[in-house]
Amino acid sequence: MKEIVDRLSAWDRAGIPYAVATVIAVSGSAPRLPGAAMAVCADGEAVGSVSGGCVEGAVYELCREVLETGESKRESFGYSDVDAFAVGLTCGGVIEVFVRLGPPRAVLAAIASDTAVATVTMLSGSGESLAVSSSATIGSTGFSDVDAVVVGEALAMLDSGGTGIRSVRCRPDLDVFVQSYATAPRLLIFGAIDYAGALARVGKFLGYHVTVCDARPVFATAARFPDADEVVTEWPHSYLARTAVDARTVICVLTHDAKFDVPLLEVALRLPVAFVGAMGSRRTHDDRAARLRDVGLTEQELARLKSPIGLDLGARTPEETALAIAAEFVAVRRGGSALPLTRTAGPIHHDGAAGDAKYA
């Protein structure tokens, strides 16, 4: 909805009622992803798109109906053999659309801001909504127990850049639609080895934007790492020094070669990122730590290094090792204990990205 929020804000300021149709789920070859939106105001003007043209007319009429009744609507559109060009998706996919009256002005302002924010919309009633950022919650679903649950869920989805329908744990019969206005967090993998390929697959599954970097062009190829979003051939420390990172970024160093590791970790351990880990034996770690002290890293900076990387799962294969590594950085970022749940007490879910502020 970000691309139409300025127009919605203008309608809101002018006191013009409007309804918003949002794609909340898709399957098959549907033309638009969840989060795509179209809005229709009381004057009949329409902005945005939910299908690239296939079902726009039918959704337009749904918006007009919601404007008249004030009651939200949830509808699915799919391919129709009988009347495909009337209200069906000629591409053969299926989309589910939720139509409601426009959200509160404060929620619109949050969407229009430059900060990362997630919106939560009740898929029942009149579609009450709220906006969540790392620093504030704006609005309410109308139920305090629901707010308490969905705010944590929305923060977790915002952290991963996720969008989709979620059930509310305290009310199993209730669904909400969470839409994130943030990019996916970055997973930077240094060392184009077989373990990197397995870790790239796990990283994509977890919702990360995955980069594999290695200075050796014979190994750093897109063909070897089809799951990576990008493969970079460059000296690792040079690439890291110039690339964008933030408090959600995970850095995994898999080269266990001092000529790569030491200059790379010298940069990495001074960056405001969520996690820095390095592969290698305990002897390799001790040698690496001594070399890093020699180039001026402090004990506080060295304490940020997770090495040897990964939880003790008894991992052997690249895939098992990738699981052990991912389990560790998820635990660090979410504030988990990395213990079996049978040995812990209290809440199972750690709401929010607790580990992201630990770089300081």
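The values are calculated or read from the model by the stated rules, or taken from the named source; none is laboratory data. All figures in this text were calculated on a predicted structure; none of them were measured in a lab. For neighbour counting, all protein chains shown are included, and Cβ atoms are generated from backbone atoms with ideal geometry for every residue, glycine included. Note: accessible area is taken over every heavy atom of the protein model, side chains too, but ligands, DNA and RNA are not part of it. Shrake-Rupley method; radii C 1.70, N 1.55, O 1.52, S 1.80 Å.
A few notes on this one:
- Remark: relative contact order (region 154-306) = 17 percent; criterion is Cα-Cα distance under 8 angstrom and separation of 6 or more residues.
- Residue-normalised accessible area of the chain, given per residue in Å² at a 1.4 Å probe: 46
- Taking every alpha-carbon pair under 8 Å whose residues sit at least 6 apart, the chain reaches a relative contact order of 11 percent.
- Compactness index (Cα Rg / 2.2 N^0.38 Å), the chain: 1.15
- Percentage of interatomic Cα-Cα distances in region 207-360 larger than 19 Å: 58
- Dividing the mean sequence gap of close Cα pairs (under 8 Å, 6+ apart) by how many residues region 278-349 holds gives a relative contact order of 25 percent.
- For region 107-170 versus region 259-338, the gap between their alpha-carbon centres in whole angstrom: 34
- Note on the chain: with a GNM built from Cα contacts shorter than 10 Å, the maximum mean-square fluctuation among V117, V267, V20 falls on V267.
- Neighbourhood net charge (13 Å Cβ-Cβ; Lys/Arg +1, Asp/Glu -1) for V66: -1
- With DNA, RNA and ligands ignored, accessible area of S129 (1.4 Å probe; Å², nearest 10): 10
- Computed over the chain, the per-residue total of -39500 (n - 2.57) for DSSP H runs of n ≥ 4 gives a 222 nm mean residue ellipticity of -9500 deg cm²/dmol, rounded to 500.
- Label-to-label distance for T344 and R291 is 3.5 nm, based on points extended 7 Å past Cα in the beta-carbon direction.
- Sulfur and carbon atoms: percent of accessible area, region 202-360 [1.4 Å]: 55
- Lysine pairs meeting the criterion (Cα under 29 Å, 8 or more apart or interchain), as found in the chain: 8
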